[in-house]
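In what follows, a single structure is set out as structure tokens and then discussed.
The values are calculated or read from the model by the stated rules, or taken from the named source; none is laboratory data. Bear in mind that the values here come from a model prediction, so they are computed numbers and not experimental data. For neighbour counting, all protein chains shown are included, and Cβ atoms are generated from backbone atoms with ideal geometry for every residue, glycine included.
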Amino acid sequence: MNRKQKKMLVRIVISAVLLVLVNLLPLPFWLRCAVYAAAYFCVGWDILRKAALGIKNRQVFDENFLMAVATLGAIALAVKEGSGDFNEAVAVMLFYQIGELFQSVAVGKSRRSIAALMDIRPDSANLEVDGKLEEVDPDEVPVGSVIVVNPGERVPIDGVVLEGASSLNTAALTGESAPRDVGAGDEIISGCINMSGVLRIRTTKEFGESTVSRILELVENASSNKSRSENFISRFARVYTPAVCFGALALALLPPLVRLMMGLDPLFGDWAYRALTFLVISCPCALVISIPLSFFAGIGGASREGILIKGSNYLETLSKVKTVVFDKTGTITKGVFEVSGVHHSDRDEAEIIEYAAHAECASSHPISRSLVRRYGKEPDRARVKDIEEISGHGVTATVDGVSVAAGNDKLMQRLGVEYIPCGSAGTVIHVALDGQYAGHILISDLEKEDIREALAALREAGVTRTVMLTGDAESAAKQVAERVGIDEYHSGLLPGDKVTIVEKLLKELGGSGRLAFVGDGINDAPVLSRADIGIAMGALGSDAAIEAADVVLMDDDPMKISRAIKISRKCLRIVYQNIIFALAVKLVCLLLGALGLAGMWAAIFADVGVMVLAVLNAMRALDTKRV
Amino acid sequence: MKKSYKIEVDCANCANLMEQAAKKTPGVKDAAVSFMALKMTVEFEDGAEPAKVMKDVLKACRKVEPDCEIFM
């Protein structure tokens, strides 16, 4: 509790004690009135002050004004009846303040527990200056300087390890508890905790551009992308309060007038009391507080598992996902390609690979990297001229004066070269040297071990259609699809085709279902943004993916997709529970209040009670272990 | 131009009212208040002076919630 809250608590206690005393002690009438007044003003003076300011600023429909009117009205009725019983007015104010205090404490607590989840901000960096270490603010470390990270410290800035070996705990970023080993030459990501050895790191980015800053920024800004439920509630709140107020006014005036016309006793006091009860229930607090809190907790809980959701609106969309489209590479498969053979070639295997590796040297596609790996050396760019990349086909280039074409079936057809199709699964790179077919290189990508379970888990989470998109040939795509158990596949796609297919799938969706596209964040920005929701996998360290996607999975575990959907469903379930529960209780109270069956006591209990329960319910969204 | 400010406000409904008030302030293109993060994100219109506009925003917010604070 902060100071403000403690002060409030003291006021509440004093007022409560006074209220109890006045009811127990046989005091003379004037003293009773004085003690009641003391209790009332002690707990409610700030409400009265704000109500007065509200009138001055023409903000009459705020809750302070309503509470002031309700309690002062109750006092006026008591004075009129001459009973000297002011318990109701004081108690209503007291309970209202208790409710506000509880809300403030609960929200503060949840704010802190969510902030603690994201406590990955490094406080300082050990900067090496002229061979000596200086502790500086991470913001002040220039790119390219050398920093030292001791065991137990958090890596403050992205960089490359110069010296030392250690294991890193990436749990705060990925939710993955297995440590990651790094040594000299490895890239290192800020936010990880150095567990064993001392590391000397050359920074490659400024602090503001480093992974840890970007993640923090993303999570902190998530709550400004509001969901439809949140917008609904704030619209509703704007209408609800005035509506209830006018309802109260009507209740105070219409029934007595009707009775008067019918020649009955108008019972003005009775109806005025019922109208005041209305005012007590007019605050939409329970709704207004619990809905954003649920989303905030859901996003916080997900981020602890290495699932970053960029806004409440995405969390909401995620919960409605019915179709999941996978870009094969990096999601269903590991995205690590290995050359598994060279077929139908009368030349030496190493020679073919050398030509292909050089022709592809300008590409950063995983395929070309696997060629380089097999080749064993960095290709010598000076030997390569006239590189032309034909999207979705392959490349042509001149290597050592020999014109080399490396690519798929379509490239060979385009160049008019006779080729021998490959029967094995995988990606085939046909190689033609000086227009003559020189065999093909087979490159295969291994499927992730748990992809089958991941797809089953998706189905269990309510996804009805899973689709795989790939640039691979039909036969290879079919084999993979059958092995992993995916519903549909589309093969032989050019990058542009993926958008077209996603658009077609979006049309087929219908109803409230939504489509998610899962990619590895490389080359799929257009599709990621076209889908209802774009999910990037294995994004740790990939800025492009973090930028383009709506949901970022920090590691490449496919099980996280269904986790994310389940977390979002749970969160939305809580949101709807709260909306329905709060509205239902308020409506019942309004009805009972209007009929004179519920008094102000019941009204304030309902108001505060609903809010307490809704806040407690909202906090469940933080618990992602049970979804 | 977009800027975000730390704010202090006690009730969630007041945060919504602050958002409405900020949105209506001249020079503000769009505004969002997150009660949970206690942050106000303001998108300024082109050519608007953020410091000046924010003064008006604070004034407008004080009208709907006398106890609020925006840290600039």
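Does residue A:327 fit the bill of being surrounded by fewer than 16 Cβ atoms within 10 Å (Cβ to Cβ), modelled with pLDDT of 85 or more and in contact with a Ser or Thr (Cβ under 9 Å, 6 or more places away or on another chain)?
No: the conditions fail for residue A:327.
Of everything in the stretch B:40-72, what is part of a loop (DSSP other than H, G, I, E, B), surrounded by fewer than 19 Cβ atoms within 10 Å (Cβ to Cβ) and either among the hydrophobic types (A, V, I, L, M, F, W, C) or more than 14 Å from chain A (Cβ to nearest Cβ) (or both)? Give them in sequence order.
Within the stretch B:40-72, B:45, B:46, B:47, B:48, B:49, B:72 meet the criteria.
For residues that are surrounded by fewer than 23 Cβ atoms within 10 Å (Cβ to Cβ), hydrophobic (A, V, I, L, M, F, W, C) and closer than 16 Å to residue A:495 by Cα, scanning just the stretch A:509-526, find the one that is modelled with the lowest pLDDT.
Among residues in the stretch A:509-526 that are surrounded by fewer than 23 Cβ atoms within 10 Å (Cβ to Cβ), hydrophobic (A, V, I, L, M, F, W, C) and closer than 16 Å to residue A:495 by Cα, the one modelled with the lowest pLDDT is A:522.
Quick one: which strands (runs of 3 or more DSSP E) lie wholly within the stretch A:411-496 and hold at least 2 residues that are hydroxyl-bearing (Ser, Thr, Tyr) and at negative phi?
Qualifying strands (runs of 3 or more DSSP E): A:436-447.
Does residue B:2 meet the test of being over 23 Å from residue A:311 (Cα atoms) and surrounded by fewer than 22 Cβ atoms within 10 Å (Cβ to Cβ)?
no
Of A:38, A:52, A:34, which residue is touching a helix residue (DSSP H, G or I) at 6+ places or on another chain (Cβ under 7 Å) and either within 14 Å of chain B (Cβ to nearest Cβ) or not acidic (Asp, Glu) (or both)?
Answer to the check: A:38.
Within the stretch A:253-276, work out how many residues are surrounded by fewer than 19 Cβ atoms within 10 Å (Cβ to Cβ) and either more than 27 Å from residue A:601 (Cβ to Cβ) or hydrophobic (A, V, I, L, M, F, W, C) (or both).
Going through the stretch A:253-276 one residue at a time, the tally reaches 11.
If I filter the stretch A:298-313 down to residues being at pLDDT 85 or above, part of a helix (DSSP H, G or I) and closer than 15 Å to residue A:220 by Cβ, which single residue comes out as farthest from the other protein chains (Cβ to nearest Cβ)?
Among them, the one singled out is A:302.
Does residue A:347 satisfy the condition of being surrounded by 13 or more Cβ atoms within 10 Å (Cβ to Cβ) and not in a loop (DSSP other than H, G, I, E, B)?
Taking the combined requirement at face value, the residue does not satisfy it.
Just to be sure I understand, how many residues within the stretch A:383-406 are of a type in the set (Gly, Ala, Ser), at pLDDT 85 or above and over 20 Å from residue A:346 (Cβ atoms)?
Final tally of qualifying residues: 3.
Taking only the stretch B:5-39 into account, find how many residues are crowded, with 17+ Cβ neighbours inside 10 Å, facing chain A (nearest Cβ under 9 Å) and outside any loop (DSSP other than H, G, I, E, B).
Number satisfying all stated conditions: 11.
Of the conditions (1) within 34 Å of the chain's Cα centre (by Cα); (2) more than 30 Å from residue A:613 (Cβ to Cβ), residue A:129 clears all except one; give me its number.
Unmet condition: (1).
Quick one: count up the residues across the stretch A:226-269 that are assigned to a loop (DSSP other than H, G, I, E, B) and touching an Asp or Glu at 6+ places or on another chain (Cβ under 9 Å).
So the count comes out to 1.
Mind listing just one residue for me: the one in the stretch A:93-150 that is touching a residue at least 60 places away in the same chain (Cβ under 8 Å) and polar (S, T, N, Q) and, of those, nearest to residue A:204 (Cα to Cα)?
A:113
So, residue A:217, is that one more than 30 Å from residue B:42 (Cα to Cα) and of a type in the set (Asp, Glu) or not?
Here the answer is no, as residue A:217 does not meet what is asked.
Residues checked against (1) polar (S, T, N, Q); (2) out of contact with any helix residue (DSSP H, G or I) (no Cβ under 6 Å at 6 or more places or on another chain); (3) closer than 23 Å to residue A:94 by Cα:
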site: A:552; (1), (2), (3): no, no, no
site: A:569; (1), (2), (3): no, yes, no
site: A:573; (1), (2), (3): no, yes, no
site: A:581; (1), (2), (3): no, yes, no
site: A:589; (1), (2), (3): no, no, yes
site: A:598; (1), (2), (3): no, no, yes
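Given the criteria among the acidic types (Asp, Glu), within 26 Å of residue A:299 (Cβ to Cβ) and in contact with a helix residue (DSSP H, G or I) (Cβ under 7 Å, 6 or more places away or on another chain), does residue B:65 qualify?
yes
List the helices (runs of 4 or more DSSP H) inside the stretch A:539-627, counting only whole elements, that have at least 2 residues being closer than 30 Å to residue A:87 by Cα and in contact (Cβ under 8 Å) with a residue 60 or more places away in the chain.
In the stretch A:539-627, A:559-595, A:600-619 are the helices (runs of 4 or more DSSP H) which contain 2 or more residues that are closer than 30 Å to residue A:87 by Cα and in contact (Cβ under 8 Å) with a residue 60 or more places away in the chain.
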